[in-house]
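The values are calculated or read from the model by the stated rules, or taken from the named source; none is laboratory data. Note that the structure is a prediction, hence the values are computed from the model and not measured. Quick reminder, even Gly has a Cβ in these numbers, built from the backbone with ideal geometry, and neighbours come from all protein chains shown.
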Amino acid sequence: MDKYRCSICGYIYDPEAGDSSSGIPAGTSFDDLPDDWKCPICGADKDQFEKE
Amino acid sequence: MQVTEIKKDIYWVGAVDWNIRDFHGYSTYKGTTYNAFLMLDEKNVLFDTVKHNYKSDLLHRIRTLIDPEKIDYIVVNHVEMDHSGSLPEIVEIVKPEKIICSKMGKKNLIDHFHREDWPYHVVEPGETISTGKNSITFIETRMLHWPDSMFSYIPEEKLLISSDAFGQHFATSERFDDEVNETDLMYQAAKYYANILTLYSPLVRKLLKQVEELGIDIDMIAPDHGIIWKNPGKILQAYSDWSHHKGSNKALVIYDTMWHSTEMMANAVADGIQAEGVSVKLLNLQHNHRSEIMAEVLDAKAIVLGCPTLNNGLLPRMAGFLMYMRGLRPTNKVGAAFGSFGWSGESVKLLNKAMEEMKFDIIDEGIKVKYVPKHDTLKECVELGKRVGKAVKKALAEQ
């Protein structure tokens, strides 16, 4: 599964780690993140992310 | 204020704003400064500018040293208007060979000033440029506290020009940490961290680790606001402590009140907290500015919120405070709530919901009182305070 980088703050979404701050379990692919998921660091929308 | 040489051939040329009291909603009772620095070398470099209405101060100070047209590079460490507001006029006068900024810096400068034609020079994280006898290494610090933020490090002088990080809103005629009262300085630095950086604490921890791993030698930190640190160890340690949100043996009772019922409850809760040997502060939102309260939240372990119900909701001052605190994302706190009501009584539920969203450890369902508390209800409030005090001690013992 691909990692994605936030183009605003540089945070990297790693599917193997998930995002515990938003209750996203480990193993969730970027595509499977809910549409209203936001960058846990800067709050940017999902469409601000680019594939690493 | 006088131009000050902070390192050999590197000068403070900024401005002191003695009068500002509201900095986009942050109370600045001690004013602030907009620090800009001029390095004289084979290439003369200006680091940041000042807020728009202080551009003449900046130009005057530059002119006491050199003709502004002799500046070759302008470094923009941070695009926010208090540091870039003078940039269009300064660029016109200086006609710099390069405007040095991060990748996001260029984007954000164009979004602010709409000048595609400026001579931008985008630096990569870790890139070094020579200015003659000195050099500048750029350290990208995205979201500390804007996407464009970066530091400029001058290894020959062991000087870190740190943009907004390590700053304070503190207007003084002195420029250095060893010239001012240390308690006042550290309070302003803590208040700045609390109101600007709390939500970026994970990035602060990462940056401090990165600086340690890079092994860069720093003997002075010059932020864009306030006092310059000749003793960087003190502020670096403070940032490390603050960024861990550990809290201390301290609880806050933050409340608003209509007819003093919630205030009576607040006093009783505070008595209970104190009875457990935990330091407590009563903070009435009518008398304490939200940014002063956030400075207290920084090292508090427990936050107890009190608010009566108004029109099925919260009093607007409490609602506004919660909006502000939630955005700053304090973590690792014990929480509890209380409040009086007349007929519907939603406030405690709403306070608990806000604290749940902030992932506070809510230790009690809270106490609601109809109209005016009786002696027995106040005793319950004291007991709630004691439970908060015990939870603080337990949480501190476990971490």
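Test B:Y153 against the stated conditions and say whether it is farther than 18 Å from B:T128 by Cα and at pLDDT 95 or above.
Numbers: farther than 18 Å from B:T128 by Cα: no; at pLDDT 95 or above: yes.
For B:Y153, the condition - farther than 18 Å from B:T128 by Cα and at pLDDT 95 or above - is not met.
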- Query: Which one of these is among the charged types (D, E, K, R) and in contact with a helix residue (DSSP H, G or I) (Cβ under 6 Å, 6 or more places away or on another chain): B:K374, B:K333, B:K368?
  - Reply: B:K368
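Residue by residue, here is whether (1) touching a Pro at 6+ places or on another chain (Cβ under 8 Å); (2) outside any helix (DSSP H, G or I) holds:
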site: A:G10; (1), (2): no, yes
site: A:E16; (1), (2): no, yes
site: A:S21; (1), (2): yes, no
site: A:C42; (1), (2): yes, yes
- Test B:K234 against the stated conditions and say whether it is charged (D, E, K, R), closer than 30 Å to B:L38 by Cβ and touching a strand residue (DSSP E or B) at 6+ places or on another chain (Cβ under 6 Å). no
- Does region B:2-23 contain at least one residue that is modelled with pLDDT under 95, over 29 Å from B:H289 (Cβ atoms) and among the polar types (S, T, N, Q)? yes
- Message: With surrounded by 21 or more Cβ atoms within 10 Å (Cβ to Cβ) and touching a Ser or Thr at 6+ places or on another chain (Cβ under 9 Å) as the only criterion, which of B:F321, B:F338 stands out?
- Response: B:F338
- Please work out which residue is surrounded by the most Cβ atoms within 10 Å (Cβ to Cβ), limiting yourself to region B:356-376 and to residues that are free of Cβ contacts under 8 Å to residues at least 60 places away in the same chain and among the hydrophobic types (A, V, I, L, M, F, W, C). B:F360
- Looking at this structure, is B:K379 in a helix (DSSP H, G or I), among the charged types (D, E, K, R) and surrounded by fewer than 16 Cβ atoms within 10 Å (Cβ to Cβ)? yes
- What tally of residues in region B:129-138 results from selecting those that are surrounded by 22 or more Cβ atoms within 10 Å (Cβ to Cβ) and either within 13 Å of chain A (Cβ to nearest Cβ) or among the small types (G, A, S) (or both)? 0
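Here are A:G43, A:G18: which of them is modelled with pLDDT of 95 or more and at positive phi? Please lay out each step first, then the result.
Numbers: A:G43 fails: modelled with pLDDT of 95 or more.
Checking each option against the conditions leaves just A:G18.
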- Message: Please go through (1) surrounded by 15 or more Cβ atoms within 10 Å (Cβ to Cβ); (2) within 14 Å of chain B (Cβ to nearest Cβ) for A:I12 and return the number of the only condition it doesn't satisfy.
- Response: (1)
- Can you tell me which residues in region B:21-41 are over 19 Å from B:L65 (Cα atoms) and touching a residue at least 40 places away in the same chain (Cβ under 8 Å)? B:F23, B:G25, B:Y26, B:S27, B:T28, B:K30, B:G31, B:T32, B:T33
- Message: Show me the helices (runs of 4 or more DSSP H) found entirely inside region B:226-341 where at least 3 residues are within 16 Å of B:A190 (Cβ to Cβ).
- Response: B:232-243, B:290-297
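Results for (1) away from every other protein chain (no Cβ under 14 Å); (2) under 27 Å from B:A300 (Cβ atoms), shown as yes or no for each residue.
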residue	(1), (2)
B:S173	yes, no
B:E182	yes, yes
B:L185	yes, yes
B:Y192	yes, yes
B:K206	no, yes
- Single condition B:A222 does not satisfy, out of (1) modelled with pLDDT of 95 or more; (2) surrounded by fewer than 16 Cβ atoms within 10 Å (Cβ to Cβ); (3) more than 25 Å from B:G327 (Cβ to Cβ): (2)
- Item | Residue pairs meeting the criteria (Cβ under 7 Å; at least 6 apart or on separate chains; first facing chain B (nearest Cβ under 9 Å), in region A:39-51; second at pLDDT below 90 and not in a loop (DSSP other than H, G, I, E, B)) | A:P40/A:S21; A:P40/A:S22
